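Derivation of every value follows stated rules applied to the coordinates shown; laboratory data play no part. Fair warning: this is a prediction, and the values are worked out from it, not measured in the lab. Note that each Cβ is placed from the backbone with ideal geometry, even for glycine, and that neighbours are counted across all protein chains shown.
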Amino acid sequence: MDFAGKVAVVTGASRGLGAGMAAAFRAQGVKVGVCARTRPSLEGPDVVSASLDVTDGEALEAFGAEVARTLGPIDLWVNNAAILTPIVFARDLSSADLARHLEINVIGCLLGAQVFLRHRAEEGTLINVSSGSALKGYAGWTAYCASKAALDRLSECLAEEEGGGFRVFSVAPGVIDTDMQRTIRSTPKERFPLLDSFLQLKADEAFNSTEYVAAEFLKIAFDPAAAPVEVVVRLAPQA
Ligand SMILES: NC(=O)c1ccc[n+]([C@@H]2O[C@H](COP(=O)([O-])OP(=O)(O)OC[C@H]3O[C@@H](n4cnc5c(N)ncnc54)[C@H](OP(=O)(O)O)[C@@H]3O)[C@@H](O)[C@H]2O)c1
């Protein structure tokens, strides 16, 4: 498929999956709007880059408006920015830490969805980057599992509410070797009992690449034949 000229936004694009995905989109001729607290380094005439916190609704709105004004109405918005921490058992999770976590991982995505609804193309796809941890509890990941489960339900509600060319998916991208995985691998087993299985993933290099995830997201957004039936989607491991 030809994706040239499409307009896509990727939040959390200063590093990790977001940065890789934005570069892969761009390599396909997609015009990209990118943001994170650290300004993404991607540059060029078909790029709008901003430093912002996704919990700042006004900054996010200004960014979305600038993307639409400069690059055109937005065809694809990827709510990718998220945090994993704190990794602690629920008994040690402070309400302040949980509130900040949910503010980024859930409210940040809600705000992103609202900006996208205001600046989307006639046919527009929202992809919320979820996780397998939305579907299953992991000891130490109370905040993260709760936030990604909330994101899946939020996505399903949006799908029920919005019509007219708007589509939304909550996609678990598989395991990608980013800073988030490095944080997991450096967490003591007392706080994350599944540590060994994540060390094994690294030993086996059993990861999805950012290029693979980007290609799957473009198919979900723009290839009608590849559109998932359900809102909540889990990418297959890369062959
Ligand atoms: N890596 C995996 O194996 C994996 C598996 C399943 C799902 N995911 C999901 O994939 C997405 C990307 O994860 P990743 O592994 O690439 O994580 P990462 O390496 O930690 O990168 C996270 C990105 O989000 C940005 N970010 C964090 N908080 C932000 C905020 N408040 N406002 C704006 N930007 C913010 C970070 O930039 P700044 O710090 O500069 O703001 C960074 O660009 C996340 O939604 C994650 O939950 C990852």
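Just for region 122-139: of the residues that are outside any loop (DSSP other than H, G, I, E, B) and more than 12 Å from the ligand (Cβ to nearest atom), which one is surrounded by the most Cβ atoms within 10 Å (Cβ to Cβ)? Step through it out loud before you land on a result.
Filtering region 122-139 down to residues outside any loop (DSSP other than H, G, I, E, B) leaves 122-129, 132-134.
Now restrict to residues that are more than 12 Å from the ligand (Cβ to nearest atom): 122-126.
Working: E122: 9, E123: 14, G124: 22, T125: 24, L126: 26.
Selected residue: L126.
Please determine, by comparing only the residues of region 36-45 that are touching a residue at least 24 places away in the same chain (Cβ under 8 Å) and surrounded by fewer than 15 Cβ atoms within 10 Å (Cβ to Cβ), which one is farthest from the ligand (Cβ to nearest atom).
Initially, region 36-45 is screened for residues touching a residue at least 24 places away in the same chain (Cβ under 8 Å), giving 36, 38-42.
Among the residues that remain, those that are also surrounded by fewer than 15 Cβ atoms within 10 Å (Cβ to Cβ) are: 38-39, 41.
On the way: T38: 3, R39: 8, S41: 11 Å.
Taking the candidates together, the pick is S41.
Would you check if there is a residue in region 55-76 being closer than 26 Å to R182 by Cβ, touching a Ser or Thr at 6+ places or on another chain (Cβ under 8 Å) and within 12 Å of the ligand (Cβ to nearest atom)? Quick ask: steps written out before the conclusion?
Step one: filter region 55-76 for residues closer than 26 Å to R182 by Cβ, giving 55.
From what's left, touching a Ser or Thr at 6+ places or on another chain (Cβ under 8 Å): none.
Scanning region 55-76 turns up no residue that is closer than 26 Å to R182 by Cβ, touching a Ser or Thr at 6+ places or on another chain (Cβ under 8 Å) and within 12 Å of the ligand (Cβ to nearest atom).
Please pick out the residue among K148, K189 that is part of a loop (DSSP other than H, G, I, E, B) and either away from the ligand (no atom under 11 Å from the Cβ) or closer than 28 Å to Q114 by Cβ (or both). Give the derivation first.
Working: K148 fails: part of a loop (DSSP other than H, G, I, E, B).
That would be K189, the only listed residue that is part of a loop (DSSP other than H, G, I, E, B) and either away from the ligand (no atom under 11 Å from the Cβ) or closer than 28 Å to Q114 by Cβ (or both).
Out of the residues in region 77-103 meeting the condition of being of a type in the set (G, A, S), over 17 Å from A13 (Cα atoms) and within 16 Å of the ligand (Cβ to nearest atom), tell me which one is surrounded by the fewest Cβ atoms within 10 Å (Cβ to Cβ).
Going residue by residue through region 77-103, those that are of a type in the set (G, A, S) are 81-82, 90, 94-96, 99.
Checking which are over 17 Å from A13 (Cα atoms) leaves us with 90, 94-96, 99.
Narrowing the set further to residues that are within 16 Å of the ligand (Cβ to nearest atom) leaves 96, 99.
On the way: A96: 8, A99: 11.
Here the answer is A96.
Sort out which residues of region 197-239 are part of a helix (DSSP H, G or I) and more than 20 Å from T178 (Cβ to Cβ), and write them in order of number. I'd like the intermediate steps shown before the answer.
Applying the first criterion (part of a helix (DSSP H, G or I)) to region 197-239 yields 197-204, 210-222, 224-226.
Matches in region 197-239: K219, I220, A221, F222, P224, A225, A226.
Which residue is nearest to the ligand (Cβ to nearest atom), if the candidates are limited to region 155-185 and must be assigned to a strand (DSSP E or B) and closer than 15 Å to A214 by Cα?
Within region 155-185, the first condition is being assigned to a strand (DSSP E or B), and the residues that meet it are 166-172.
Imposing the further condition that a residue be closer than 15 Å to A214 by Cα reduces the set to 169-172.
Details: F169: 14, S170: 11, V171: 9, A172: 6 Å.
Here the residue is A172.
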